[in-house]
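Here's the structure, in structure tokens; my notes come after.
The values are calculated or read from the model by the stated rules, or taken from the named source; none is laboratory data. All values derive from a computational prediction rather than experimental measurement. Neighbour counts are summed over all protein chains in view; Cβ atoms, including those assigned to glycine, are modelled from backbone coordinates with ideal geometry. For accessibility, only protein heavy atoms count, side chains too; no ligands or nucleic acids. Shrake-Rupley method; radii C 1.70, N 1.55, O 1.52, S 1.80 Å.
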Amino acid sequence: MQAIKPSQLLALLVKAIPAKMPVLITGKPGVGKTDIVSAACAEAKADLKIAHPAVEDPTDSKGMPWVTNGKAEFIPFGDLRALIEAKRPTVCFLDDLGQASPAVQAARMQLVLSRRVNGHKVSDHVVFLAATNRRQDRAGVQGLLEPLKSRFGTIVELEACPVDWRAWAAAAGIAAEVIAFIAFRPEHLSNFQPTSDMTNSPCPRTWARVSDILALDLPPDLILPAVQGAVGDAVAGEFVGFLRIWQNMVSPDLVLTTPDTAPIPDEPSALWALMGALGHRVRKDSLGRFFRYLERLNSGGHGAFVALAHQLATGRDKSLTNTPAYVKAMSGPIGQLLLGA
């Protein structure tokens, strides 16, 4: 199966939700499946209800057995009742479906295909999406019942993409240091290694946790062990080394104040760090000076760094694109570079 990028999955789901096509998403833990489903619902203007079949009982999908007027029936409750009574587009997202017991999977099977269970019909406004890790991920996945798999219109595997992740991270407020490091070493974005040891691997989810760790403003001697606990020993050491470069780089405030004379670093790692800081720091009133510095970089053959700074700045604040300074930059060499890229 050919894996798809987060931006491709988002485009697929935005089309599938209005068409009521059930989609099953597979992939490594922490790759961003739930976040993308949430973003797709927002773009498709659909409500989102997240179910966790791994901790459900079959009655959650079938209704509670009850006796009314001497007759036995199943009474819907909770999320099932909400799906029956939905009055607007609604996504029922079955998260970690592969961890559910066969009995729970069988109960969900009726809902996904026939949209009816025990005499209760799911609203026509509802569409089912689901996600699961893979069996080799050691995430407690035993597999899916074959009839349940065939209920989905398509099964797609999601893989991490550094370019897509940087765009998401800039908009989500992830620390500029983390974004710059992943731009510098994109191979470290996702290297999930299943293990029974009490260690983590680098993946989009754990890099977001590193951003949270940096926000704690820990003493220097605590940063390395805390980051090791988030992404593992080897990558943590490299990241903390990158932080030292970040702390000693050319001042982004100097660049945004005197772009025509501010130094241009010689080391690629220092350039990655500086572009991350500039993309995080630039505002509308400094955008013209920001682009003047990028023009100097472009003239020096550093087009990849120009593209990174542009992506991070506009990903963080899309309103920057509605300014005279931006329009002017796009009509010159910077615009030619970005359009060519």
| query | Who wins for biggest fluctuation among Ser196, Ser123, Ser150 in a Gaussian network model of the chain, springs between alpha carbons below 10 Å? | reply | Ser196
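Just list whichever of Lys5/Lys318; Lys28/Lys87; Lys15/Lys149; Lys5/Lys328; Lys5/Lys87 have alpha carbons separated by over 27 Å in the model shown. Could the numbers behind the result be given before it?
Numbers: Lys5/Lys318 22 Å; Lys28/Lys87 34 Å; Lys15/Lys149 20 Å; Lys5/Lys328 32 Å; Lys5/Lys87 32 Å.
The pairs that break the limit, which is 27 Å between Cα atoms, are Lys28/Lys87; Lys5/Lys328; Lys5/Lys87.
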| Area of Trp168 that stays accessible when all protein chains are in place (1.4 Å probe, Å², to 10) | 100 Å²
| Cα centroids of the range 283-341 and the range 29-47: how far apart, whole angstrom? | 29 Å
| query | Which net charge results for the neighbourhood of Asp317, defined as the other residues with beta-carbon distances under 14 angstrom from its beta-carbon, given Lys and Arg at +1 and Asp and Glu at -1? | reply | +4
| note | To the nearest 10 degrees, the tilt of helix 102-114 (Cα long axis) against the first principal axis of the alpha carbons of the chain is 90 degrees
| said: Helix 220-231 against the longest principal axis of the chain: what's the angle in degrees, Cα atoms only, rounded to the nearest 10? | reply: 40 degrees
| Roughly how tilted is helix 268-281, in degrees to the nearest 10 and between 0 and 90, from the longest Cα axis of the chain? | 70 degrees
| For the chain, what's the relative contact order in percent, using C-alpha pairs closer than 8 Å and at least 6 residues apart? | 16 percent
| Among (1) 28, 55, 16, 0; (2) 28, 59, 13, 0; (3) 27, 46, 23, 3, 0, the entry that matches P(r) over Cα pairs in 20 Å bins from 0, in percent as calculated here | (3)
| note | With 0.36 nm assigned to each residue of separation and the Cα-Cα distance removed, Lys318 to Arg88 gains 79.9 nm
| Of Gly301, Gly276, Gly143, the one that fluctuates the most in a GNM where the chain has Cα springs shorter than 10 Å | Gly301
